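The values are calculated or read from the model by the stated rules, or taken from the named source; none is laboratory data. All of these numbers come straight from a predicted model, not from anything done at the bench. Here the Cβ is made from the backbone with ideal geometry for all residues, glycine too, and neighbour counts use every protein chain on show.
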């Protein structure tokens, strides 16, 4: 079983097991709502109807999954301890030594390389634990999210045509599949 550290630090950010508290739910809720125009095209749950109770339920679920070793969700904070978004490790396949990353960042922190740094920290953590393959899926139209994978040296394996049904638009969406193998990892 792959069990990561609860806190991983770099020079500009730290990733920490998302705190189970009302205060964290408030921070999460606030950043989601600040970023709705940028998040809602890609994340179906990011709507004006998203409530603070939804944030708290999400955090509780993250803790349950962490404790079971199923998923690991980190809050991304800068060194002023400002919550900036989340990055999760999920779809853990121990036999195949394969995992997937998913992430979002608040609009006010986007475009500064923070997400690339968060991906880099988790790459290092999990490759050092013996993971062989990391996957990132992005909507083909979500260029900013795909750009994170590209800048971190992930390889575009292909496009899964009409993979995801997006209820709000009543249509299917195409999804990029990016991957990186342990032998391709280079620490920055």
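For the reader, a short list of remarks on this structure follows.
- Pick from segment 4-20, criterion within 15 Å of the chain's Cα centre (by Cα) and assigned to a strand (DSSP E or B), ranking: nearest to residue 66 (Cα to Cα): 17
- Qualifying residues in segment 71-89 (those that are more than 12 Å from the chain's Cα centre (by Cα) and in a strand (DSSP E or B)) - the one surrounded by the fewest Cβ atoms within 10 Å (Cβ to Cβ): 78
- Qualifying residues in segment 36-70 (those that are touching a residue at least 40 places away in the same chain (Cβ under 8 Å), farther than 20 Å from residue 170 by Cβ and surrounded by 16 or more Cβ atoms within 10 Å (Cβ to Cβ)) - the one nearest to the chain's Cα centre (by Cα): 62
- Only one of the numbered conditions (1) in a loop (DSSP other than H, G, I, E, B); (2) touching a helix residue (DSSP H, G or I) at 6+ places or on another chain (Cβ under 7 Å) is not met by residue 111, and that is (2).
- Looking at 140, 119, just one residue is over 24 Å from residue 30 (Cα atoms) and touching a helix residue (DSSP H, G or I) at 6+ places or on another chain (Cβ under 8 Å), and that residue is 140.
- The set of residues in segment 90-105 that are farther than 19 Å from residue 17 by Cβ and surrounded by 14 or more Cβ atoms within 10 Å (Cβ to Cβ) comprises 97, 98.
- Strands (runs of 3 or more DSSP E) lying entirely in segment 125-188 (those with 3 or more residues that are modelled with pLDDT of 95 or more, in contact with a strand residue (DSSP E or B) (Cβ under 6 Å, 6 or more places away or on another chain) and buried (at least 16 other Cβ atoms within 10 Å of the Cβ)): 133-139, 171-181
- Residue 150 being within 28 Å of residue 28 (Cβ to Cβ) and within 14 Å of the chain's Cα centre (by Cα): no
- Residue match in segment 21-29 (condition: assigned to a helix (DSSP H, G or I), in contact (Cβ under 8 Å) with a residue 40 or more places away in the chain and within 30 Å of residue 169 (Cβ to Cβ)): yes
- Within segment 61-92, the set of residues being on the phi > 0 side of the Ramachandran plot and at pLDDT 95 or above comprises 85, 91.
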